[in-house]
1. Take segment A:207-239 and flag every residue that is more than 7 Å from chain B (Cβ to nearest Cβ), among the hydroxyl-bearing types (Ser, Thr, Tyr) and within 34 Å of the chain's Cα centre (by Cα).
2. Can you give me the ranges of the helices (runs of 4 or more DSSP H) entirely in segment B:1-84 with at least 1 residues that are surrounded by 15 or more Cβ atoms within 10 Å (Cβ to Cβ) and at pLDDT 90 or above?
3. Answer yes or no: is there a residue in segment B:337-351 that is away from every other protein chain (no Cβ under 14 Å), out of contact with any strand residue (DSSP E or B) (no Cβ under 6 Å at 6 or more places or on another chain) and within 21 Å of B:Thr93 (Cβ to Cβ).
4. Output the residue which, of all residues in segment B:352-386 that are assigned to a helix (DSSP H, G or I) and within 14 Å of chain A (Cβ to nearest Cβ), is surrounded by the most Cβ atoms within 10 Å (Cβ to Cβ).
5. May I ask you to verify whether A:Val194 is assigned to a strand (DSSP E or B), under 30 Å from A:Tyr275 (Cα atoms) and away from chain B (no Cβ under 14 Å)?
6. Could you name every one of the helices (runs of 4 or more DSSP H) located completely within segment B:128-230 that has at least 3 residues being modelled with pLDDT of 90 or more and hydrophobic (A, V, I, L, M, F, W, C)?
7. Identify, from the list A:Gly107, A:Gly127, A:Gly114, the residue that is in contact with a Ser or Thr (Cβ under 9 Å, 6 or more places away or on another chain) and either surrounded by fewer than 17 Cβ atoms within 10 Å (Cβ to Cβ) or at pLDDT 85 or above (or both).
8. Consider B:Ala318 carefully, then state whether it is small (Gly, Ala, Ser) and within 30 Å of B:Leu55 (Cβ to Cβ).
Amino acid sequence: MIMLAALPPWLLQAVASDRVERFRNLLADITTLKLVQAVLIVAIAFAALFTTDRAINWLSEQVPRQYRLSIKHSLPFWRALIFSVSLALLVGLFLNLSPNNVLAVTGTAAVALGFAFKDYVSSITAGILALFERPYQVGDRIHIGDVYGEVTAYGLRSIQLKTPSDDTVTLPHNLIWNQPVINTNKGDLEAQVVTHFYLDHQVDGPQVIPLLYRVAYTSKYTQLQMPVEVVLEDQPWGTHLQLKAYPMDVRDEFVYQSDLTQRAKHQFARLGLSYPHLPAWGQGQP
Amino acid sequence: MQSLRQFLSQWLEKVQTSTPVDVENIRQTLDRSSLVELPDALQQLQLQAIRQLPLPAPYLREIDQSCLAALEKWRSQGGPNCLVVLTEPVDDTAVILRTVIHQLNLKGQPCHDALVDWLQRPEVHESQLQQTIETALEALPGLETDSPVVAIPALEWCFLRAVEGIEAVEWLLQSLLADRQRFWLIGCNRWSWHYLNRTCSIGACCPQPLSLPQLSPADLKQWLGKLDCQICFWVQSPGDPESSAADDLAAPWESVAEQTYFEALARNAFGNAAVAGRLWVRSQHIPAEEKPLEGSSAAEEIYWMPPMTPTARDITTADRHLLFSLLLHGSLSLSHLATSLAAEPAQVQAQGHRLHQQKLVEIIGEQMAVNPAFYPGLRSNLKQNNFYIGGDLP
């Protein structure tokens, strides 16, 4: 500014005129027709996004289970394509994109936008990286932080999870910079379900373990091509058993767990297997 | 948008099955567009006649040869004391094995039916299944009295997909492995075998099961030719060779149209006799205006349409579980089906009734079973929906 003030007035005027001229050259003529075109482009882009979302979700539910997740995974790419095409058309309408103009625009705006939209850009960058690293995809069931659910939408800035209690949670992509993402199925239809059982110390392990294997094998939800495992662990208060098995469809995770629990408990009752007796606390006891 | 959605919906239904061609669509391309399927009464008469047919000769030949070879190997070289014959879920395994038992007896190789008093799966609680099997095996003659070949006509009758139902077949497996003094001929539904192999390692007692051979077009013609049926007109699909009696046709074909028909039948039925019989009946059409006399066992004119497997439309995930359970066991009563699905009988009954109305499920007495005509399409559908089906077709 001091240097500019030192310039003679005729030179100052020339510099200012030059900048105005450059700005005028950068902007294309804004006509009514172009405004109408821009509105149309935006409207069509929104309509295309809406239609694509609906079409992909509908199509994924119509095809056999094997293809459901593959179709859902394509949704972010379609959305990115629509955004890119729309943005390119809009920019082409209102800006004269010569190499000099592009440099001028980006150079001027970068610093200002960088501070204002730091987190937004961070989320978008994380979203683009996640497309290639794939910590999660549409259809996956993931834990991020305290949230667990199925990824139902993959936007530029965020993802949407549908939780088991039918809540929709929106999470920005930039969470992956700092938080672990626990993916239970990683693009597969099956995900391991762990069902916990607690029995008394007196219970005979060789009697219970084969029983739990049969409980898993006879469930209509079990994917028999995946392994079934029973893990037994002794605890001070009793015996902790974990039945690890896979349902045919990860969406049946909770109804599968209920089925295993219900049928196992029926067998425990049939065989007279007892549950742990927890000690009474309080009443002067140490 | 609505028509596009409808188009996509129809296209997707076709993708879901391997042979998803609808008879309605084929009929529309033909000149004789006023043809309809035989009335139910006539179809039932035809099906009854098919059930009374002797087994296809290739089935008996293959099982007989394999059984005698396995017996010889067991006696001379100490080979496995067991031969398992795998059938498709829509086959009547017990009928096939009992025919083989009878044939072996006629040839001087005595063979005892371990389940001789069982006409179908015993209607007992799964906790009593093991006891029921024990009672049946105790009635077997002693080793010193007879040549020790024992047959279990239908192993799928000996288990139910329930915890105690599996215990019964595990006990049976232990008994078979322990009893090396007898040779066991076992018939089993393929899907049941794969399921039991996965859950109980039943394949340990018989590492190389025998599958029924696929019937060729000529085999099917020879088998179905035993029926007294009239061939009036062969109705062809567009693109089929002209129907004419060609002198240079190889036996047993009398015309190109006949050959084309049986080739399509063998292909669409995957060479399975039960499926082929159903498609054969469904392919018979009569003019819509013709009404056979009540009680008559034949129509005036019969038109033989290309045999197509029907498509199972609008089946839900719950329907797939029910259909898979029926195919896994061959046939089930309502109470056993409810046990297998861990569901309420009333709910299963309503579901089964709806599938029965769609002709996907047949109810014969108290037993429910899948309509064999739908088997190829259902098999493909269940496989694509991640069900554990019985391996690939032979």
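1. A:Tyr213, A:Ser219, A:Tyr221, A:Thr222, listed by residue number.
2. Correct list: B:40-51, B:57-77.
3. Among the residues of segment B:337-351, not one is away from every other protein chain (no Cβ under 14 Å), out of contact with any strand residue (DSSP E or B) (no Cβ under 6 Å at 6 or more places or on another chain) and within 21 Å of B:Thr93 (Cβ to Cβ), which makes the answer no.
4. That would be B:Leu378.
5. Criteria met by A:Val194.
6. Output list reads B:190-200, B:217-224.
7. After ruling out the rest, the residue left standing is A:Gly127.
8. For B:Ala318, the condition - small (Gly, Ala, Ser) and within 30 Å of B:Leu55 (Cβ to Cβ) - is not met.
The values are calculated or read from the model by the stated rules, or taken from the named source; none is laboratory data. Everything quoted here is computed from the prediction, not taken from an experiment. Here the Cβ is made from the backbone with ideal geometry for all residues, glycine too, and neighbour counts use every protein chain on show.
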